[in-house]
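Every number here is computed from the coordinates shown, using simple stated rules; none is lab data. Because the structure is predicted, anything quoted here is derived from the model rather than measured. FYI the Cβ positions are ideal-geometry reconstructions off the backbone, even for glycines, and counts take in every protein chain you see.
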Amino acid sequence: MRSIGGPLLRPAVWAVVASAVSIALLGASLALAPAEAPGYLELNLVLAWVPFALGYLLAWGARAGLPRIALAAAAVVWLAFLPNAPYLLTDLIHAGTSNGGASSLDIAALAACAATGLLLFFAGVNAVAEAVRLEAGTGRARAVAPACAIVASIGMYLGRVLRWNSWDLMVRPLGRLEAAIPFLRSPADLARAAAFVLVAALVLRGAFAVLERVFQRQRI
């Protein structure tokens, strides 16, 4: 078995540390004000770990020489769950939605989870880019991050606005497509969706570029 090296290990360590900080803040919020604590964040944080874990499994599988058909099947599942990581960014809308506004601790928890989502997104995409590099070369690997920023942004819109989830795409894709027909017929809805996706993709791509530079400069 080939181990995960430094370029993939450093983002993973950061993601784990950020997750621990988020869990600590969520625990403190729950202990101090259980009625007002943002309980939905725990589930969203767990779901954000799915593409992170699958991304590293794909990188390990490529290094271990697993059959391409197995890697392709895993990649489809990974792509379906990928938006769950940056979706944590959209939970920031809850910062001002509770009565009297969210507490400072709740806002800190929301911000920590948002940052964790970005790190999990970066680490998972970076790991898959490594798998693509091993299987298809550096040129195609460079296209992974921009493509994933767009796909994840579409998924964020579907989840936040249309209230879809990754399980829907996995277990009843035809039903989801049928439900989307009225939406696709509305130019106003499509325009709003396009604006959301554009802004979100730019944010994700920019954050990815910043984190990429940060990790490139790190030395262990």
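Using Cβ point charges alone (K and R +1, D and E -1), the dipole size of the stretch 6-217 about the Cα centre works out to roughly 700 debye. Note on LEU43 and LEU162: the model spin-label points, each 7 Å out from Cα along the C-beta direction, lie 2.0 nm apart. Computed extension gain for ALA31 through VAL210, at 0.36 nm per residue and net of the alpha carbon distance, reaches 60.9 nm.
In terms of the mean number of neighbouring beta-carbon atoms within 10 Å, the peptides 148-161, 60-73, 131-144 order highest first as 148-161, 131-144, 60-73.
Once the Kirkwood radius over Cα pairs is known for the chain, the Stokes-Einstein relation at 25 °C and 0.890 mPa s delivers a diffusion coefficient of 134 µm²/s.
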